[in-house]
There are 2 protein chains.
Amino acid sequence: MNFPVTVTVTLRAGIADPEGATIERALPALGFDGVTHVRAGKSFHMMIEASDEGAALEKATALAQRLLSNPVIENATARVGDSGWGAP
Amino acid sequence: MNFPVTVTVTLRAGIADPEGATIERALPALGFDGVTHVRAGKSFHMMIEASDEGAALEKATALAQRLLSNPVIENATARVGDSGWGAP
């Protein structure tokens, strides 16, 4: 069975995030006030063939740690579900 | 009140995704079989000051469309909630 999996890769706390800081600085000039703590990250969506949801999640977590993130500066979390991607 | 908001920016269906294609091609060599339809995108997390959750979501959606995505080739979806980011 194929499960939709979403992997989110985020910078670890304390790691400088110039992209997020730049967005945060640009927002007031565009009329968006009251937006703080902007952090930028990456998102991946895939279909994973597995016998059940737990196995799909386990595969996705291993893959996220080994291939999609740099564990020195990034955290990777995987979850089963579409959330914002729609059908592939 | 401050609400945690996550914005996900994804390529529209039909737009070529070389990053996703490269990841998909690399996976079998690393021992991950049965992973298909890999798509790469961006993810942003922020705290938004608003009177209620609906207002925060509205602000985030406007901001995602105007600043965080290119609507010609990308979809942006905003949702209130942490999902994988942890405390800012």
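Looking only at the stretch B:73-85, decide whether some residue is without any contact (Cβ under 8 Å) to a residue 12 or more places away in the chain and over 21 Å from A:Glu24 (Cβ atoms). Checked against the condition, which is being without any contact (Cβ under 8 Å) to a residue 12 or more places away in the chain and over 21 Å from A:Glu24 (Cβ atoms), the stretch B:73-85 yields no hits at all. Does B:Ala78 meet the test of being surrounded by 17 or more Cβ atoms within 10 Å (Cβ to Cβ) and either over 19 Å from A:Thr6 (Cα atoms) or among the charged types (D, E, K, R) (or both)? So B:Ala78 does not fit the description; no.
Where strands (runs of 3 or more DSSP E) fall entirely within chain A, those with at least 1 residues that are more than 7 Å from chain B (Cβ to nearest Cβ) and among the β-branched types (Val, Ile, Thr) are at A:2-11, A:74-80.
Residues that are open to solvent by 60 Å² or more (accessible area, probe 1.4 Å) and within 30 Å of A:Ala55 (Cα to Cα) within the stretch A:1-24 comprise A:Met1, A:Asn2, A:Arg12, A:Ala13, listed in sequence order.
The values are calculated or read from the model by the stated rules, or taken from the named source; none is laboratory data. The model shown is predicted, which means the values in this text are computed figures rather than measured ones. Ideal geometry is used to build each Cβ from the backbone, glycine not excepted, and the neighbour counts take in all protein chains shown. For the accessible areas, the whole protein counts, side chains as well, though only heavy atoms, and no ligand, DNA or RNA atoms are used. Shrake-Rupley method; radii C 1.70, N 1.55, O 1.52, S 1.80 Å.
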